[in-house]
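The next block holds one structure in the form of structure tokens; read it before the comments.
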Amino acid sequence: MKKVLLCFMTIAIPVLLVLTVLQAGRFGHLQKELRDYRQKEDELITGNAKKISAIAILMSPARIEKIAIEDLGMKKALASEIIRVSLEPNYDGGIEKNGETRE
């Protein structure tokens, strides 16, 4: 019985040590992979913040007005130049405009 136990221990201890080393290697690999993912996440968050900033700058009313005036030759309309049109739904599902029905 002692010989069987001794043989089992002789085989089991090195096998367990090898398994521990393999598990430690996998753990190290997973730690590196997690570190890489966190770095990529930080890069994406920084990139998104820069893009949000750029969008805010591009959407500023002052910039849009400048492009409209300088590049497109537009100007602000005077009150006398503004025409208001109201469209009311017709019961048939069409839109009534100036007494005419449009579908």
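The values are calculated or read from the model by the stated rules, or taken from the named source; none is laboratory data. These numbers were taken from a predicted model, which means no experiment stands behind them. Cβ atoms come from the backbone with ideal geometry, glycine included; neighbour counts cover every protein chain shown. For the accessible areas, the whole protein counts, side chains as well, though only heavy atoms, and no ligand, DNA or RNA atoms are used. Shrake-Rupley method; radii C 1.70, N 1.55, O 1.52, S 1.80 Å.
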**Request:** Go through the range 52-65 residue by residue and turn each phi into a ³J(HN,Hα) via Karplus (6.51, -1.76, 1.60, θ = phi - 60°); whole Hz please, and just put x for glycine and proline.
**Result:** 4, 4, 5, 5, 4, 5, 5, 8, 5, x, 5, 5, 5, 5
**Prompt:** By a straight-distance test (C-alpha under 26 Å), which lysines pair with residue 32 as possible cross-link partners, with residues fewer than eight away in the same chain excluded?
**Reply:** 40
**Message:** Out of the total accessible area of the chain (probe 1.4 Å, heavy atoms of protein only), what percent is carbon and sulfur?
**Reply:** 65
**Asked** Among 62, 49, 77, which one shows the biggest mean-square fluctuation in a GNM of the chain, springs joining Cα atoms closer than 10 Å?
**Response** 77
**Message:** With the cut-off at 1.5 for a/c, could you classify the range 24-96 from its C-alpha gyration tensor as rounded, prolate or oblate?
**Reply:** oblate
**Request:** Give the accessible surface of the range 1-98 per residue, rounded to a whole number of Å², with probe radius 1.4 Å and ligands, DNA and RNA excluded.
**Result:** 98
**In sequence order, calculated HN-Hα J values of the range 25-42 (Karplus, 6.51, -1.76, 1.60; Hz; x Gly/Pro)** = x, 5, 4, x, 5, 5, 4, 5, 4, 5, 4, 5, 5, 5, 5, 5, 4, 4
**Prompt:** Taking the chain as a Gaussian network, Cα atoms linked when under 10 Å apart, which of 14, 61, 89 shows the biggest mean-square fluctuation?
**Reply:** 89
**Item:** Extreme residue, positive dipole direction of the chain, given options 45, 69, 86 (C-beta unit charges)
**Value:** 45
